[in-house]
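Here is the structure we will look at.
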Amino acid sequence: MSIYFSMRLSRRRKLLWVSICLVAIPIAAFAIQEISFKPGFNLYTPQQDVQLGGQNAAQIEKQMPMLRDAAVEGYITKLGRKLASYAPDNLPVYVWQYHVVNTNDINAFALPGGYIFVNRGTIVAAQDEAQLAGVIAHETGHVVMRHGTHQASEMAIARAPLSILSGILGSSGSVAGNLAQIGLGFGVNSIFLHNSRGIEAQADEVGTYILYHAGYDPHAMAQFFQILQQKYPQQTIQFFSDHPNPGNRVKAVDQEIPLLGPPRKWITDTPEFESIKRRVESLPGPPPARH
Ligand SMILES: [Zn+2]
């Protein structure tokens, strides 16, 4: 009885090991190539990202026409937070707040700390949920890689003598306040919204990673940017000025995708996206531009 029992156990163990290996080996093969993302040099703390982003977001909400519709805002927030939950380097301090700007221009932007703005025109231009998710995933990449304050930090280094900066870093006062004193202001048209090509390439990489892990077609983001450029040249001037094309965008993404893991059954569209898109199209248009 006991021999029979132990034999059964050992057979079970063997089976267990075989099944663990079958699952673990492919995972390990991808884990070796796992892409890691690191935010660049930064003089700010993540808490200061939230503080600065919040101040700028409040200003933007006053200055730009906002689409105040609970269903649309609720949908974007749910989608955005789902994507953020798959982001690398996502810190608990980030707020993940989403707003829709009532303008037909196709754009989206992110402020430090997790304030993401998506234009009405972007929702209408997206052909499916994966494309809209791609834009939001790209913006999420700017937040978690802390691109706004990274660029502000690099400008500070370029402007201030190292002796002053080391004083700032060593002082107990607010880094943001001290940096403001050496001429770094943070208005709506601030450096937070102007990204370099290197930064765009990193936001693309992180965005693609997020799409893959959230179960969306990871090709959707780069493809959408390409469609936008060809189909809406007039409406995307601001988008491509805030997000300069890093060049070979589609090619770079195509090279990254196999490193993320095996192909899956991707989500491309949902009935919820289609109904929100119809709702956005039916809502009162943006106010005439003020000149
Ligand atoms: Zn960007």
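The values are calculated or read from the model by the stated rules, or taken from the named source; none is laboratory data. This structure is a prediction, so every number in the text was calculated from the model and none was measured. Here the Cβ positions follow ideal geometry from the backbone for every residue, glycine too, while neighbour counts run over all protein chains shown. What goes into the accessible areas is simple: the full protein's heavy atoms, side chains included, and nothing from ligands, DNA or RNA. Shrake-Rupley method; radii C 1.70, N 1.55, O 1.52, S 1.80 Å.
Data for the structure
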{"quantity": "Filtered residues of the range 69-102 (kept if open to solvent by 30 Å² or more (accessible area, probe 1.4 Å) and within 16 Å of LEU283 (Cα to Cα))", "calculated": "ALA70, ALA71, GLU73, GLY74"}
{"quantity": "Leading residue by the ranking (modelled with the highest pLDDT) among those in the range 224-235 that are surrounded by 20 or more Cβ atoms within 10 Å (Cβ to Cβ) and more than 12 Å from the ligand (Cβ to nearest atom)", "calculated": "PHE224"}
{"quantity": "Selection from the range 195-221 of residues that are more than 12 Å from the ligand (Cβ to nearest atom) and either under 15 Å from the mean Cα position of the chain (by Cα) or over 19 Å from GLY80 (Cβ atoms) (or both)", "calculated": "THR208, TYR209, ILE210, LEU211, TYR212, HIS213, ALA214, TYR216, PRO218, HIS219, ALA220"}
{"quantity": "Tally, over the range 116-138, of residues that are part of a helix (DSSP H, G or I) and touching a Phe, Trp or Tyr at 6+ places or on another chain (Cβ under 7 Å)", "calculated": "8"}
{"quantity": "Residues located in the range 252-291, provided they are open to solvent by 80 Å² or more (accessible area, probe 1.4 Å), over 15 Å from PRO218 (Cβ atoms) and basic (Lys, Arg)", "calculated": "ARG278, ARG279, ARG290"}
{"quantity": "Which numbered condition GLY113 fails, given (1) at negative phi; (2) part of a loop (DSSP other than H, G, I, E, B); (3) buried (at least 21 other Cβ atoms within 10 Å of the Cβ)", "calculated": "(1)"}
{"quantity": "Test: residue in the range 236-251 that is within 16 Å of the ligand (Cβ to nearest atom), of a type outside the set (A, V, I, L, M) and open to solvent by 60 Å² or more (accessible area, probe 1.4 Å)", "calculated": "yes"}
{"quantity": "Filter result for ALA152 (over 26 Å from SER36 (Cβ atoms) and either part of a helix (DSSP H, G or I) or within 16 Å of the ligand (Cβ to nearest atom) (or both))", "calculated": "no"}
{"quantity": "MET145 open to solvent by 10 Å² or more (accessible area, probe 1.4 Å), over 15 Å from GLU281 (Cα atoms) and not basic (Lys, Arg)", "calculated": "no"}
